[in-house]
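Contents: one structure, followed by commentary.
The values are calculated or read from the model by the stated rules, or taken from the named source; none is laboratory data. Since the model is a prediction, treat every value here as computed from it, not as a measurement. Cβ: placed from backbone, ideal geometry, glycine included. Neighbour counts: every protein chain shown. When the accessible area is computed, the model is the full protein with side chains, heavy atoms only, and any ligands, DNA or RNA have been set aside. Shrake-Rupley method; radii C 1.70, N 1.55, O 1.52, S 1.80 Å.
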Amino acid sequence: MIMDEFIWRALLAGMLVVIVSGPLGCVVVWRRMSYFGDALAHAALLGTAMALMFDMKPLIGVIIIGGLISYLLMSLQRKKDLSSDAILGILSHGALASGLVMMAVMQSQGERIDLMAYLFGDILSVSWQYIIWLAIACVVVLAFVVRLWESILSIAVHEELARSEGVAVDRVRLVFMLLMAVLVAVAMKIVGIILITALLIIPAASARRFASSPERMAVLAVVFGLFSVVMGMFASMQWDTPAGPSIVLSAVLLFFASRLKPVI
Amino acid sequence: MNSFLIKAEHIGLQINQRQILDNISLTINPGEILTLIGPNGSGKTSLVRVLLGLLETKQGSLQKKDQLVIGYMPQKFHIDAVLPMSVLRFLQMGNKLTPDEIQTTASSLGIASLLAQPVQSVSGGEFQRVLLTRALLRKPDLLVLDEPAQGVDINGQQQLYQLISKIRDDYGCGVLMVSHDLHLVMEATDQVLCLNTHICCTGHPEAVSKHPEYLKLFGSSLDGMAVYTHNHDHSHDFAADSDVPNCSSCEKNPLQKAHDHDHG
């Protein structure tokens, strides 16, 4: 059974996603953006519903709504009378609620929608065509991350210092948000919108104790992510557990294992 | 001749209907140390941020020398432990120097032995030197130091100010420094600008320390006091200094005792 082609496709898809979510996840952890990841993921449901409604590619819908959420976040943050935390809570749950409402409306109009697949992923159903798209998206996102790495890192350390040193902070932040939106759009199929943030944060957190530099942490986060995908897929095959949650659960187990390593 | 590094004319800044800065004009020349002093909330940091271009204002004009390179040392900040980063890696950000070049500058500031350590593990005083090194590595025309002696004990503070004047001599750069204790920076500064939303007084440190506006802000009992024996039996009440001329804008917030520096 292990030789079935769909399993290889699922493994490949999962691995492609964690190669990108590793470095992005590190930045999310450094900049305390995990709630933003959630908001983007929730927005992805709305984006998908919109795409279905207007007969677009889901990826396009997700990126448009993700960009909109990022823009709303930035403009609401500028007013400074609400914390980012509260603003994200509003946007995140607002997006989730409207996504669920829209999905229900579409369903009542006779559209066949598997809501569970969006919420919890459907890695076993990925096609070769999807994998090609995924690979292209991953290469593009990774290329941007590598190119902007120094700037992203400067901003993570101290935004104003970075700005004073000539880093185009606003532009880099905007690009980073769009990269996150792309990742969310492609990872939705793998672990579902509910668990995307887990894939960002947990491997990065596991990597921390083994890393002495930011770059090493990013690479190790990828390694932890790859192990999580393999373990999760294996568990899913062996015990017939849902694939997405099994991958996340594996990541959690690896995280606790990583805590066994003493702090240097 | 425009030999100045920065020339600000009639700068004003208003945030939420509150006047933060009012009619500030100043010039910083190469090789000159200008110290901004003033009580908390007097607009020192806001003025620095305006001069750095981090904060925009429509009031007044700001001219900078062409291709002005600024080395900025922000107020003491915290790098989260979740970001693995050595002092060396921190110093490599924002420039393209080799470890050898960084080593040389780090040695001259006495932090060469810290380079391999995690940046979170260095002490407050050491971290201030690390920040200063990072600012210097940019080979700046102008050093901007916001409360450089923060978190440094009093002996360390004097050393730090001596170091800053030595840097000025060695590098020939202009220095803009924020402080709230004139007596400590007195020897290290050429010009003092006493700020309390508007410019209270400006000039050579000796002159400023005897200026009635300064005394009104900081209390006449400070005058002539030795650095190490800071008595606390004096009064900080402005109203007690009734013999000094009135300055209405200084007294708009009588509850805010100007004398709020740290005696730790």
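Observations on the structure shown:
- The condition of being over 16 Å from residue A:167 (Cβ atoms) and among the aliphatic types (A, V, I, L, M) holds for only one of B:79, B:70, that being B:79.
- Pair list, Cβ < 9 Å and 6+ apart or interchain, from the range A:204-223 residues that are closer than 18 Å to residue A:248 by Cα to residues that are crowded, with 23+ Cβ neighbours inside 10 Å and polar (S, T, N, Q): A:204/A:21; A:206/A:228; A:220/A:206; A:221/A:21; A:221/A:206; A:222/A:21
- Selected residue (criterion: nearest to residue A:26 (Cα to Cα)) from residues of the range B:90-111 that are open to solvent by less than 30 Å² (accessible area, probe 1.4 Å) and outside any loop (DSSP other than H, G, I, E, B): B:90
- Tally of residues being within 14 Å of chain B (Cβ to nearest Cβ), of a type in the set (A, V, I, L, M) and in a helix (DSSP H, G or I) across the range A:4-50: 3
- Among the residues of the range B:69-111, the ones that are of a type in the set (D, E, K, R) and closer than 19 Å to residue A:150 by Cβ come to 4 in all.
- Pairs with Cβ under 8 Å, 6+ apart, first in the range A:142-167 and more than 11 Å from every other protein chain (Cβ to nearest Cβ), second open to solvent by 30 Å² or more (accessible area, probe 1.4 Å) and at pLDDT 90 or above: A:142/A:19; A:144/A:175; A:148/A:175
- Residues within the range A:183-201 that are more than 13 Å from chain B (Cβ to nearest Cβ) and open to solvent by 30 Å² or more (accessible area, probe 1.4 Å), tallied: 3
- Test set (1) within 14 Å of chain B (Cβ to nearest Cβ); (2) surrounded by fewer than 16 Cβ atoms within 10 Å (Cβ to Cβ); (3) closer than 23 Å to residue A:226 by Cα - residue A:129 fails condition number: (1)
- Residue A:174 being within 30 Å of residue B:145 (Cα to Cα), open to solvent by 40 Å² or more (accessible area, probe 1.4 Å) and away from chain B (no Cβ under 14 Å): yes
- Hits in the range A:16-66 - residues which are over 12 Å from the mean Cα position of the chain (by Cα), surrounded by fewer than 19 Cβ atoms within 10 Å (Cβ to Cβ) and closer than 30 Å to residue A:209 by Cβ: A:32
- Matching residues, the range B:75-91, being modelled with pLDDT of 90 or more and more than 9 Å from every other protein chain (Cβ to nearest Cβ): B:87, B:88, B:91
- Taking the range A:111-214 as the region of interest, the helices (runs of 4 or more DSSP H) fully inside it that hold 2 or more residues being polar (S, T, N, Q) are A:128-157, A:196-208.
- Flag for residue B:34 being in contact with a Leu (Cβ under 7 Å, 6 or more places away or on another chain), assigned to a strand (DSSP E or B) and away from chain A (no Cβ under 12 Å): yes
- For the range A:208-264, filtering for residues that are within 14 Å of another protein chain (Cβ to nearest Cβ) and either of a type in the set (Asp, Glu) or open to solvent by less than 30 Å² (accessible area, probe 1.4 Å) (or both) leaves 8.
- Residue in the range B:107-119 that is at pLDDT 90 or above, within 21 Å of residue A:166 (Cβ to Cβ) and within 11 Å of chain A (Cβ to nearest Cβ) present: no
- Just one of (1) within 30 Å of residue B:20 (Cα to Cα); (2) modelled with pLDDT under 90 fails for residue B:131. It is (2).
- Neighbours by Cβ (under 8 Å, 6+ apart or cross-chain): first from the range B:53-70, away from every other protein chain (no Cβ under 14 Å); second polar (S, T, N, Q) and not in a strand (DSSP E or B): B:63/B:2; B:65/B:2
- Check on residue B:37, within 30 Å of residue B:9 (Cβ to Cβ), within 22 Å of the chain's Cα centre (by Cα) and among the hydrophobic types (A, V, I, L, M, F, W, C): yes
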